[in-house]
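For reference, the structure is listed below as structure tokens.
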Amino acid sequence: MNPRLRRLKQLAAKRNGLSVEEVREVMTLFTDFARDFLARAGSLQRLAREGERMVFQHQRPWAWVDTYRDLQHLNHLRASNQAFWKVWA
């Protein structure tokens, strides 16, 4: 795990409130996260402008696996011979 994120979680877990120094640290961490996010977003916008980042529209059904539940669902479809992605005999 990212050390900055780990530290932010440690501070968030404190039950008795934060000291002034810890509040400053949290604000610095959030500022760093925002700066990193904006830098990445700017890179993606530049790539899109240059035609290096595009969108693909699927013509056939598709599914994603973002969670364990998604994986279980797709495994169930495959096990019950309902896998829509299986186009071979």
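Here are a few things to note about the model shown:
- Residue within the range 37-45 that is in a loop (DSSP other than H, G, I, E, B) and surrounded by 11 or more Cβ atoms within 10 Å (Cβ to Cβ) present: no
- Within the range 66-89, the set of residues being assigned to a loop (DSSP other than H, G, I, E, B) and either under 28 Å from ARG4 (Cβ atoms) or touching a Cys at 6+ places or on another chain (Cβ under 8 Å) (or both) comprises ASP66, THR67.
- Residues (part of a helix (DSSP H, G or I), surrounded by 10 or more Cβ atoms within 10 Å (Cβ to Cβ) and of a type in the set (Gly, Ala, Ser)) located in the range 1-36: ALA34
- Condition check for ARG60: assigned by TED's automatic domain parsing to the domain that holds ALA83, surrounded by fewer than 10 Cβ atoms within 10 Å (Cβ to Cβ), without any contact (Cβ under 8 Å) to a residue 40 or more places away in the chain and not in a helix (DSSP H, G or I): yes
The values are calculated or read from the model by the stated rules, or taken from the named source; none is laboratory data. Computed from a predicted model, the values in this text were never measured in an experiment. Cβ sites come from the backbone with ideal geometry, for glycine too, and all protein chains shown count toward neighbours.
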